[in-house]
Amino acid sequence: MSQGPRSGLSAVSAALLAMSRHLEVRDVLKTIVASARELLDAQYAALGVPDDHGGFAQFVVDGVSDAQWKAIGPLPRQHGILASMLHEARPERLADVRKDPRFEGWPSAHPELADFLGLPVRDGDEVIGALFLANKNCPKPEGGCGFTEEDEELLSILAQHAAIALTNARLYERSRELTIAEERSRLAHELHDAVSQKLFSLRLTAQAAAALVDRDPARAKGELHQVAALAAEAADELRAAVVELRPAALDEDGLIATLRTQIQVLDRAHTARVTFTSNGFRAVPAAQEEALLRVAQEGLHNALRHSGAAHVGVSLERHGGGAVLRVTDDGSGFDPQADRRAGRHLGLVSMRDRASGVGGTLTVESAPGKGTTIEMEVPGG
(Lines give C-alpha, C1' and ligand atoms only; values in the text may rest on other atoms or scores of the structure.)
Protein backbone atom coordinates (compact mmCIF):
# COMPACT_ATOMS: atom_id res chain seq x y z
CA MET A 1 0.00 0.00 0.00
CA SER A 2 3.00 2.28 0.45
CA GLN A 3 3.20 2.55 -3.35
CA GLY A 4 -0.13 4.38 -3.48
CA PRO A 5 -3.86 3.62 -3.72
CA ARG A 6 -3.73 2.44 -7.32
CA SER A 7 -1.23 -0.34 -6.65
CA GLY A 8 -3.17 -1.34 -3.51
CA LEU A 9 -6.46 -1.52 -5.40
CA SER A 10 -4.80 -3.48 -8.18
CA ALA A 11 -3.40 -5.97 -5.65
CA VAL A 12 -6.79 -6.43 -3.98
CA SER A 13 -8.44 -6.91 -7.37
CA ALA A 14 -5.85 -9.55 -8.33
CA ALA A 15 -6.39 -11.36 -5.04
CA LEU A 16 -10.20 -11.40 -5.43
CA LEU A 17 -9.94 -12.63 -9.02
CA ALA A 18 -7.61 -15.40 -7.89
CA MET A 19 -10.12 -16.50 -5.25
CA SER A 20 -13.01 -16.50 -7.71
CA ARG A 21 -11.18 -18.88 -10.09
CA HIS A 22 -11.33 -21.82 -7.70
CA LEU A 23 -14.27 -23.94 -6.62
CA GLU A 24 -12.62 -26.52 -4.37
CA VAL A 25 -12.49 -25.52 -0.70
CA ARG A 26 -8.82 -26.45 -0.32
CA ASP A 27 -7.85 -24.45 -3.42
CA VAL A 28 -9.83 -21.44 -2.17
CA LEU A 29 -8.13 -21.58 1.24
CA LYS A 30 -4.67 -21.74 -0.33
CA THR A 31 -5.45 -18.79 -2.59
CA ILE A 32 -6.80 -16.69 0.28
CA VAL A 33 -3.72 -17.29 2.41
CA ALA A 34 -1.20 -16.71 -0.40
CA SER A 35 -3.04 -13.56 -1.51
CA ALA A 36 -3.16 -12.15 2.03
CA ARG A 37 0.56 -12.75 2.64
CA GLU A 38 1.57 -11.20 -0.68
CA LEU A 39 -0.84 -8.28 -0.34
CA LEU A 40 0.37 -7.24 3.12
CA ASP A 41 4.00 -8.32 2.59
CA ALA A 42 4.17 -10.67 5.57
CA GLN A 43 6.54 -13.53 6.19
CA TYR A 44 3.83 -15.98 7.28
CA ALA A 45 0.10 -16.38 6.74
CA ALA A 46 -2.43 -19.01 7.81
CA LEU A 47 -6.14 -19.72 7.77
CA GLY A 48 -7.87 -22.22 10.01
CA VAL A 49 -11.38 -23.58 9.52
CA PRO A 50 -12.64 -24.85 12.90
CA ASP A 51 -14.35 -28.17 13.51
CA ASP A 52 -16.85 -28.97 16.25
CA HIS A 53 -14.34 -30.77 18.45
CA GLY A 54 -11.95 -28.02 19.53
CA GLY A 55 -9.60 -28.43 16.57
CA PHE A 56 -9.46 -27.44 12.91
CA ALA A 57 -11.08 -29.26 10.01
CA GLN A 58 -8.55 -27.54 7.73
CA PHE A 59 -5.51 -25.41 8.38
CA VAL A 60 -3.60 -23.87 5.48
CA VAL A 61 -0.30 -22.00 5.76
CA ASP A 62 1.87 -19.96 3.40
CA GLY A 63 5.52 -19.12 3.99
CA VAL A 64 6.36 -22.46 5.62
CA SER A 65 8.11 -25.21 3.64
CA ASP A 66 6.59 -28.69 3.38
CA ALA A 67 9.47 -30.12 5.44
CA GLN A 68 9.02 -27.50 8.15
CA TRP A 69 5.25 -28.02 8.23
CA LYS A 70 5.74 -31.75 8.60
CA ALA A 71 8.21 -31.23 11.43
CA ILE A 72 5.75 -28.97 13.30
CA GLY A 73 3.45 -31.95 13.80
CA PRO A 74 -0.34 -32.24 14.20
CA LEU A 75 -2.78 -29.45 13.41
CA PRO A 76 -3.08 -26.85 16.19
CA ARG A 77 -5.99 -26.90 18.61
CA GLN A 78 -8.37 -24.00 19.20
CA HIS A 79 -6.51 -22.30 22.01
CA GLY A 80 -4.85 -19.02 22.88
CA ILE A 81 -5.17 -16.19 20.39
CA LEU A 82 -6.67 -18.47 17.71
CA ALA A 83 -9.50 -19.39 20.07
CA SER A 84 -10.02 -15.75 20.94
CA MET A 85 -10.44 -14.79 17.28
CA LEU A 86 -12.92 -17.62 16.75
CA HIS A 87 -14.96 -17.19 19.90
CA GLU A 88 -14.87 -13.42 20.40
CA ALA A 89 -14.93 -12.70 16.64
CA ARG A 90 -12.75 -9.60 16.81
CA PRO A 91 -9.52 -8.53 15.09
CA GLU A 92 -6.16 -8.93 16.83
CA ARG A 93 -3.18 -6.67 16.08
CA LEU A 94 -0.20 -7.33 18.34
CA ALA A 95 3.33 -5.95 18.52
CA ASP A 96 4.64 -9.33 19.74
CA VAL A 97 2.38 -12.35 19.91
CA ARG A 98 4.80 -14.06 22.31
CA LYS A 99 4.21 -11.40 24.99
CA ASP A 100 0.43 -11.65 24.90
CA PRO A 101 -0.98 -13.26 28.09
CA ARG A 102 -3.05 -15.66 25.96
CA PHE A 103 0.04 -17.04 24.22
CA GLU A 104 0.54 -20.73 25.08
CA GLY A 105 3.67 -21.55 23.12
CA TRP A 106 4.22 -23.65 20.02
CA PRO A 107 6.18 -26.76 18.91
CA SER A 108 9.97 -26.56 18.68
CA ALA A 109 9.93 -26.67 14.86
CA HIS A 110 7.41 -23.82 14.66
CA PRO A 111 8.78 -20.57 13.15
CA GLU A 112 9.22 -17.63 15.50
CA LEU A 113 6.34 -15.20 15.12
CA ALA A 114 6.50 -11.64 16.40
CA ASP A 115 4.12 -8.92 15.17
CA PHE A 116 0.71 -10.36 14.38
CA LEU A 117 -2.50 -9.41 12.59
CA GLY A 118 -5.51 -11.71 12.75
CA LEU A 119 -9.16 -11.47 11.73
CA PRO A 120 -12.16 -13.78 11.96
CA VAL A 121 -13.67 -14.84 8.64
CA ARG A 122 -17.42 -14.47 9.04
CA ASP A 123 -20.46 -15.61 7.11
CA GLY A 124 -23.16 -13.47 8.64
CA ASP A 125 -23.07 -14.18 12.38
CA GLU A 126 -21.14 -17.43 11.94
CA VAL A 127 -17.35 -17.43 12.26
CA ILE A 128 -16.15 -19.89 9.61
CA GLY A 129 -12.43 -19.32 9.92
CA ALA A 130 -9.53 -17.37 11.39
CA LEU A 131 -7.11 -15.60 9.03
CA PHE A 132 -3.84 -14.27 10.36
CA LEU A 133 -0.47 -12.88 9.27
CA ALA A 134 2.82 -12.60 11.13
CA ASN A 135 6.21 -10.91 10.77
CA LYS A 136 5.55 -8.00 8.41
CA ASN A 137 8.53 -7.30 6.18
CA CYS A 138 9.18 -3.70 7.25
CA PRO A 139 11.08 -1.68 9.87
CA LYS A 140 9.23 -2.03 13.19
CA PRO A 141 8.61 0.95 15.45
CA GLU A 142 10.13 0.55 18.92
CA GLY A 143 7.82 -1.76 20.82
CA GLY A 144 5.20 -1.43 18.11
CA CYS A 145 3.54 -3.57 15.47
CA GLY A 146 4.62 -3.56 11.86
CA PHE A 147 1.01 -4.04 10.77
CA THR A 148 -0.95 -0.80 10.54
CA GLU A 149 -4.60 0.16 10.78
CA GLU A 150 -4.55 0.41 6.99
CA ASP A 151 -3.31 -3.20 6.83
CA GLU A 152 -6.11 -4.28 9.14
CA GLU A 153 -8.70 -2.52 6.98
CA LEU A 154 -7.27 -4.12 3.84
CA LEU A 155 -7.23 -7.58 5.40
CA SER A 156 -10.81 -7.04 6.58
CA ILE A 157 -11.91 -6.43 2.97
CA LEU A 158 -10.06 -9.55 1.89
CA ALA A 159 -11.62 -11.57 4.74
CA GLN A 160 -15.13 -10.51 3.71
CA HIS A 161 -14.58 -11.69 0.16
CA ALA A 162 -12.82 -14.78 1.47
CA ALA A 163 -16.00 -15.66 3.38
CA ILE A 164 -18.02 -15.40 0.16
CA ALA A 165 -15.51 -17.48 -1.80
CA LEU A 166 -15.31 -20.10 0.96
CA THR A 167 -19.10 -20.31 1.30
CA ASN A 168 -19.48 -20.70 -2.47
CA ALA A 169 -16.81 -23.41 -2.51
CA ARG A 170 -18.60 -25.30 0.25
CA LEU A 171 -21.89 -25.06 -1.63
CA TYR A 172 -20.17 -26.32 -4.77
CA GLU A 173 -18.67 -29.30 -2.94
CA ARG A 174 -22.05 -30.17 -1.40
CA SER A 175 -23.65 -29.90 -4.81
CA ARG A 176 -20.98 -32.16 -6.25
CA GLU A 177 -21.50 -34.67 -3.45
CA LEU A 178 -25.22 -34.74 -4.27
CA THR A 179 -24.40 -35.17 -7.96
CA ILE A 180 -22.07 -38.07 -7.17
CA ALA A 181 -24.75 -39.65 -4.97
CA GLU A 182 -27.30 -39.28 -7.76
CA GLU A 183 -24.84 -40.77 -10.26
CA ARG A 184 -24.17 -43.72 -7.99
CA SER A 185 -27.92 -44.24 -7.58
CA ARG A 186 -28.36 -44.13 -11.37
CA LEU A 187 -25.54 -46.62 -11.88
CA ALA A 188 -26.99 -48.93 -9.26
CA HIS A 189 -30.37 -48.76 -11.01
CA GLU A 190 -28.74 -49.47 -14.38
CA LEU A 191 -26.83 -52.35 -12.84
CA HIS A 192 -30.01 -53.81 -11.42
CA ASP A 193 -31.87 -53.52 -14.73
CA ALA A 194 -29.05 -54.79 -16.93
CA VAL A 195 -28.03 -57.74 -14.77
CA SER A 196 -31.65 -58.65 -13.98
CA GLN A 197 -32.41 -58.86 -17.70
CA LYS A 198 -29.31 -60.97 -18.34
CA LEU A 199 -30.12 -63.31 -15.45
CA PHE A 200 -33.75 -63.63 -16.58
CA SER A 201 -32.61 -64.57 -20.10
CA LEU A 202 -30.02 -66.91 -18.65
CA ARG A 203 -32.65 -68.70 -16.53
CA LEU A 204 -35.02 -69.14 -19.49
CA THR A 205 -32.19 -70.40 -21.71
CA ALA A 206 -31.05 -72.85 -19.04
CA GLN A 207 -34.63 -74.14 -18.66
CA ALA A 208 -34.86 -74.61 -22.43
CA ALA A 209 -31.56 -76.51 -22.42
CA ALA A 210 -32.80 -78.77 -19.62
CA ALA A 211 -36.00 -79.52 -21.56
CA LEU A 212 -34.06 -80.36 -24.74
CA VAL A 213 -31.20 -82.37 -23.27
CA ASP A 214 -32.96 -85.76 -23.69
CA ARG A 215 -34.86 -85.34 -26.98
CA ASP A 216 -32.54 -82.96 -28.88
CA PRO A 217 -29.01 -82.96 -27.43
CA ALA A 218 -27.62 -80.85 -30.28
CA ARG A 219 -30.08 -78.02 -29.65
CA ALA A 220 -29.51 -78.36 -25.92
CA LYS A 221 -25.77 -77.90 -26.51
CA GLY A 222 -26.48 -74.72 -28.46
CA GLU A 223 -28.65 -73.39 -25.63
CA LEU A 224 -25.88 -74.15 -23.12
CA HIS A 225 -23.43 -72.16 -25.24
CA GLN A 226 -25.92 -69.29 -25.06
CA VAL A 227 -26.06 -69.71 -21.27
CA ALA A 228 -22.29 -69.32 -21.13
CA ALA A 229 -22.42 -66.19 -23.30
CA LEU A 230 -25.15 -64.60 -21.18
CA ALA A 231 -23.27 -65.40 -18.00
CA ALA A 232 -20.14 -63.74 -19.41
CA GLU A 233 -22.14 -60.65 -20.39
CA ALA A 234 -23.65 -60.44 -16.90
CA ALA A 235 -20.17 -60.70 -15.38
CA ASP A 236 -18.93 -57.89 -17.63
CA GLU A 237 -21.87 -55.69 -16.57
CA LEU A 238 -21.04 -56.34 -12.93
CA ARG A 239 -17.35 -55.60 -13.34
CA ALA A 240 -17.98 -52.36 -15.22
CA ALA A 241 -20.51 -51.19 -12.64
CA VAL A 242 -18.23 -52.04 -9.71
CA VAL A 243 -15.43 -49.95 -11.23
CA GLU A 244 -17.79 -47.01 -11.80
CA LEU A 245 -19.40 -47.24 -8.36
CA ARG A 246 -16.09 -47.43 -6.52
CA PRO A 247 -15.33 -43.93 -5.18
CA ALA A 248 -12.25 -42.42 -6.79
CA ALA A 249 -9.43 -41.90 -4.32
CA LEU A 250 -8.31 -38.64 -5.87
CA ASP A 251 -7.78 -36.81 -2.58
CA GLU A 252 -5.65 -39.60 -1.12
CA ASP A 253 -3.91 -41.12 -4.15
CA GLY A 254 -3.95 -38.45 -6.85
CA LEU A 255 -5.11 -38.75 -10.45
CA ILE A 256 -2.19 -40.83 -11.77
CA ALA A 257 -2.47 -43.55 -9.12
CA THR A 258 -6.28 -43.61 -9.31
CA LEU A 259 -6.27 -44.00 -13.10
CA ARG A 260 -3.54 -46.64 -13.00
CA THR A 261 -5.44 -48.71 -10.44
CA GLN A 262 -8.74 -48.55 -12.32
CA ILE A 263 -7.08 -49.41 -15.64
CA GLN A 264 -5.33 -52.41 -14.07
CA VAL A 265 -8.75 -53.65 -12.90
CA LEU A 266 -10.24 -53.17 -16.38
CA ASP A 267 -7.29 -54.92 -18.00
CA ARG A 268 -7.94 -57.98 -15.84
CA ALA A 269 -11.71 -57.85 -16.34
CA HIS A 270 -11.78 -57.63 -20.15
CA THR A 271 -10.31 -59.57 -23.04
CA ALA A 272 -8.99 -56.34 -24.59
CA ARG A 273 -5.57 -55.16 -23.44
CA VAL A 274 -5.94 -51.91 -21.48
CA THR A 275 -2.80 -49.81 -20.83
CA PHE A 276 -1.90 -46.53 -19.18
CA THR A 277 1.05 -44.16 -19.67
CA SER A 278 1.84 -40.77 -18.15
CA ASN A 279 4.51 -38.25 -19.08
CA GLY A 280 5.43 -35.16 -17.06
CA PHE A 281 1.96 -34.72 -15.61
CA ARG A 282 1.70 -32.42 -12.62
CA ALA A 283 -1.31 -31.78 -10.43
CA VAL A 284 -4.06 -29.48 -11.70
CA PRO A 285 -6.99 -28.11 -9.65
CA ALA A 286 -9.19 -30.76 -8.06
CA ALA A 287 -12.24 -30.03 -10.24
CA GLN A 288 -10.14 -30.54 -13.37
CA GLU A 289 -8.65 -33.79 -12.04
CA GLU A 290 -12.14 -35.14 -11.36
CA ALA A 291 -13.29 -34.16 -14.85
CA LEU A 292 -10.24 -35.85 -16.39
CA LEU A 293 -10.97 -39.01 -14.41
CA ARG A 294 -14.65 -39.08 -15.39
CA VAL A 295 -13.88 -38.52 -19.08
CA ALA A 296 -11.28 -41.30 -18.97
CA GLN A 297 -13.83 -43.62 -17.37
CA GLU A 298 -16.50 -42.76 -19.95
CA GLY A 299 -14.04 -43.20 -22.83
CA LEU A 300 -12.90 -46.57 -21.47
CA HIS A 301 -16.50 -47.65 -20.96
CA ASN A 302 -17.41 -46.82 -24.57
CA ALA A 303 -14.31 -48.48 -26.02
CA LEU A 304 -14.65 -51.69 -24.02
CA ARG A 305 -18.42 -52.10 -24.50
CA HIS A 306 -18.95 -50.86 -28.05
CA SER A 307 -15.79 -50.85 -30.15
CA GLY A 308 -14.65 -54.48 -30.10
CA ALA A 309 -11.09 -53.19 -29.67
CA ALA A 310 -8.14 -55.48 -29.03
CA HIS A 311 -6.23 -52.65 -27.33
CA VAL A 312 -7.37 -49.55 -25.46
CA GLY A 313 -4.72 -47.06 -24.35
CA VAL A 314 -5.01 -44.15 -21.94
CA SER A 315 -2.31 -41.46 -21.71
CA LEU A 316 -2.03 -38.39 -19.50
CA GLU A 317 0.60 -35.76 -20.28
CA ARG A 318 1.61 -32.33 -19.17
CA HIS A 319 0.72 -29.61 -21.67
CA GLY A 320 2.02 -26.17 -20.75
CA GLY A 321 0.61 -25.51 -17.30
CA GLY A 322 -2.27 -27.92 -17.86
CA ALA A 323 -2.78 -31.48 -19.08
CA VAL A 324 -3.93 -33.57 -22.03
CA LEU A 325 -5.79 -36.86 -21.65
CA ARG A 326 -6.12 -39.31 -24.56
CA VAL A 327 -8.20 -42.48 -24.75
CA THR A 328 -7.39 -44.43 -27.92
CA ASP A 329 -8.74 -47.75 -29.20
CA ASP A 330 -8.18 -49.85 -32.32
CA GLY A 331 -11.81 -50.88 -32.54
CA SER A 332 -14.58 -50.52 -35.09
CA GLY A 333 -14.76 -46.73 -34.92
CA PHE A 334 -17.80 -44.63 -35.84
CA ASP A 335 -18.84 -41.37 -37.46
CA PRO A 336 -18.91 -38.79 -34.63
CA GLN A 337 -21.27 -36.56 -36.60
CA ALA A 338 -23.79 -39.21 -37.57
CA ASP A 339 -23.63 -41.65 -34.66
CA ARG A 340 -26.80 -41.53 -32.59
CA ARG A 341 -26.83 -44.94 -30.98
CA ALA A 342 -28.23 -45.02 -27.47
CA GLY A 343 -25.59 -44.47 -24.84
CA ARG A 344 -22.73 -43.64 -27.18
CA HIS A 345 -24.03 -40.25 -28.23
CA LEU A 346 -25.06 -39.41 -24.67
CA GLY A 347 -21.59 -40.41 -23.49
CA LEU A 348 -19.96 -37.93 -25.89
CA VAL A 349 -22.30 -35.16 -24.74
CA SER A 350 -21.47 -35.93 -21.12
CA MET A 351 -17.73 -35.85 -21.82
CA ARG A 352 -17.97 -32.52 -23.64
CA ASP A 353 -20.00 -31.06 -20.77
CA ARG A 354 -17.40 -32.22 -18.25
CA ALA A 355 -14.57 -30.71 -20.29
CA SER A 356 -16.24 -27.35 -20.84
CA GLY A 357 -17.31 -27.23 -17.19
CA VAL A 358 -13.66 -26.90 -16.11
CA GLY A 359 -12.54 -24.62 -18.93
CA GLY A 360 -11.26 -27.46 -21.10
CA THR A 361 -11.89 -28.77 -24.61
CA LEU A 362 -12.74 -32.21 -25.94
CA THR A 363 -12.16 -33.54 -29.46
CA VAL A 364 -13.14 -36.90 -30.95
CA GLU A 365 -11.38 -38.44 -33.95
CA SER A 366 -12.95 -41.58 -35.39
CA ALA A 367 -14.18 -43.22 -38.57
CA PRO A 368 -15.76 -46.60 -39.31
CA GLY A 369 -13.05 -49.26 -39.15
CA LYS A 370 -10.39 -46.76 -38.03
CA GLY A 371 -10.64 -46.84 -34.25
CA THR A 372 -11.29 -43.84 -31.99
CA THR A 373 -9.23 -41.23 -30.16
CA ILE A 374 -10.79 -38.99 -27.52
CA GLU A 375 -8.63 -36.07 -26.42
CA MET A 376 -9.38 -33.74 -23.52
CA GLU A 377 -7.21 -30.72 -22.74
CA VAL A 378 -7.48 -28.61 -19.57
CA PRO A 379 -5.57 -25.44 -18.71
CA GLY A 380 -3.46 -25.09 -15.59
CA GLY A 381 -4.73 -23.68 -12.33
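Could you work out the local net charge near ASN137, counting Lys and Arg as +1, Asp and Glu as -1, over the other residues with Cβ closer than 15 Å to its Cβ?
Result for the local shell: -3.
Taking the alpha-carbon distance from LYS140 and a cut-off under 28 Å, which lysines remain once sequence neighbours fewer than 8 residues away in the same chain are dropped?
Answer for LYS140, where 28 Å is the Cα cut-off: LYS30, LYS99, listed by chain and number.
To the nearest 0.05, what FRET efficiency results for VAL349 and ASP125 with a Förster distance of 51 Å applied to their C-beta separation?
That gives a FRET efficiency of 0.70.
Roughly what would the spin-label model give for ILE164 and LYS70, points 7 Å off Cα along C-beta, in nm?
3.9
Local charge sum around GLY280 (other residues, Cβ-Cβ under 15 Å, Lys/Arg +1, Asp/Glu -1)?
Cβ neighbours under 15 Å give a net charge of +1.
Might you report the magnitude of the Cβ-based charge dipole of the range 11-158 about its Cα centre, with Lys and Arg at +1 and Asp and Glu at -1, to the nearest 20 debye?
Computed about the Cα centre, the dipole is about 360 debye.
In percent, how large is the relative contact order of the range 45-91, given Cα pairs closer than 8 Å and 6 or more residues apart?
RCO, the range 45-91: 30 percent.
Given labels modelled 7 Å from the Cα in the Cβ direction, how far is it in nm from GLN58 to ASP253?
Between GLN58 and ASP253, the label points sit 2.3 nm apart.
Report the net charge of residues surrounding VAL33, where surrounding means a beta-carbon distance below 12 angstrom and charges are Lys +1, Arg +1, Asp -1, Glu -1.
0
To the nearest 10 square angstrom, how much accessible area does LEU75 have with a 1.4 angstrom probe?
Probe radius 1.4 Å; accessible area of LEU75 about 80 Å².
At a 1.4 Å probe radius, which order do ASP151, ASP52 fall into by accessible area, largest first?
Ranked list, largest accessible area first: ASP52, ASP151.
Can you give the FRET efficiency to the nearest 0.05 for ASP41 and LEU171, using r as the Cβ-Cβ distance and R₀ = 35 Å?
0.60
Show me the ranking of peptides 266-274, 31-39, 124-132 by mean Cβ neighbours inside 10 Å, starting with the highest.
Highest-to-lowest ranking by the protection proxy: 31-39, 124-132, 266-274.
The values are calculated or read from the model by the stated rules, or taken from the named source; none is laboratory data. Note that the structure is predicted; figures quoted are calculated from it, not measured. Positions of Cβ are backbone-derived with ideal geometry, glycine not excepted, and every protein chain shown enters the neighbour counts. In case anyone asks, the SASA skips ligands and DNA or RNA and just uses the protein heavy atoms, side chains included. Shrake-Rupley method; radii C 1.70, N 1.55, O 1.52, S 1.80 Å.
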